[in-house]
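Here's the structure, in structure tokens; my notes come after.
Since every read-out is calculated from the coordinates, none of them should be taken as a lab result. As the structure is a prediction and not an experimental result, all values here were calculated from the model. Methodologically, a virtual Cβ is constructed for each residue, glycine included, from the backbone with ideal geometry; neighbour enumeration extends over all protein chains shown.
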Amino acid sequence: MSVSRSPGQLDVRPDVSTFATPLVRPAAEPYYHAVGDECEVFAAAAGSCLPVMLKGPTGCGKTRFVEHMAWRLQRPLVTVACHDDLTTADLVGRYLIVGDETVWMDGPLTAAVRAGAICYLDEIVEARKDTTVVIHPLTDSRRALPVEKRGEYVEAPPDFMLVISYNPGYQSVLKEMKPSTRQRFVALDFDYPEAAVEARIVAHEGGVDEATAQKLVKLGGLTRKLKGAGLDEGAGTRLLVHAAQLVARGMAPATACTAAIARPLADEPDTRNALDDLISAVF
């Protein structure tokens, strides 16, 4: 942001680049352990200009998978965390006042279309329904984005790809994806990997030995059995990695698990006590 002074006045002029959408290009391969044919299906969909929908519980690797595939396909990545207040303008773009000028600034979706990037809309069901309708022309044979405020019709290049994700376990009547949207996508189901694979992931990402990783995975499996009996969802692989990273920094495993797993999962005293008992049993 550049600041210039005039007599008796502070003139703050934002640099328009401050508001630009970052196009992420990972220099190194993001670690991802395939558990099936998801990489092949995603690559085939990308080659066929088809959008992809990822379904799975929190922390099971959906975002890392997209990052890995963006690197693998050598395409830039734009990620949008969807939420209740996300508007069409947030995705498509808006006019900004920069100095004495009114300047158009592309939103992340428009920027991704122009750049031929992968646009990843994370937890799409959290966005307002009137907002998600804007993606429909990009998910059929039109493959274009109407930018109504500019009277522009942006055609997507072959490298552009739309990817969305959501957690079916958190769907409700008010936050359910409409069939008219679902049927536009190639779908991939995600879940937590089997214990041996998950332990390798936790050991690699968390920087701990295999034995510690196996105990963390055992604890994660026990918390998942509490789903519907005090917990909305058990510990995802992400939380297990967080605990492993704390252990790698020298923290006692039980303390690390309490801070990184038990406390983020529950606030209700009985459930917290149950999680503490599981931690004591494993460590």
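Summary table
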| read-out | value |
| --- | --- |
| Helix 210-224 vs. the chain, principal-axis angle (Cα, 0 to 90°, nearest 10) | 80 degrees |
| Relative contact order, percent, the chain [alpha-carbon distance under 8 Å, six or more residues apart] | 18 percent |
| Cα-based helix-to-principal-axis angle, 38-47 vs the chain, degrees rounded to 10 | 10 degrees |
| Stretch gain in nm, segment Glu29-Cys49, where the contour uses 0.36 nm per residue and the Cα spacing is subtracted | 4.9 nm |
| Calculated P(r) over Cα pairs in 10 Å bins from 0, in percent (choose from (1) 6, 24, 27, 22, 14, 5, 1, 0; (2) 7, 30, 38, 22, 3, 0; (3) 5, 20, 24, 20, 14, 9, 4, 2, 1, 0, 0), label | (1) |
| Rh (Kirkwood; distinct C-alpha pairs) - the stretch 68-213, Å | 17.4 Å |
| FRET efficiency estimate (nearest 0.05) - Cβ-Cβ, Asp159 to Ser180, R0 35 angstrom | 0.85 |
| Estimated FRET transfer efficiency when R0 is 25 angstrom, pair Ala195-Asp232 (beta carbons, to 0.05) | 0.65 |
| Beta bridge orientation in the chain: antiparallel %, DSSP, nearest 5 | 45 percent |
| Flagged links, alpha-carbon separation over 27 Å, of Lys55/Lys227; Lys62/Lys215; Lys62/Lys129; Lys178/Lys225 | Lys178/Lys225 |
| Part-to-part distance (alpha-carbon centres) for the stretch 98-129 and the stretch 232-256, which is given in Å | 34 Å |
| Distance between the stretch 33-90 and the stretch 137-206 - C-alpha centres, whole angstrom | 6 Å |
| Computed [θ] at 222 nm, deg cm²/dmol, the chain (DSSP H ≥ 4; -39,500 (n - 2.57); rounded to nearest 500) | -10000 deg cm²/dmol |
| Packing-based exposure ordering (other Cβ within 10 Å, fewest first) of Cys60, Cys39 | Cys39, Cys60 |
| Size of electric dipole in the stretch 122-217: Cβ of Lys, Arg +1 and of Asp, Glu -1, about Cα centre, debye, nearest 20 | 560 debye |
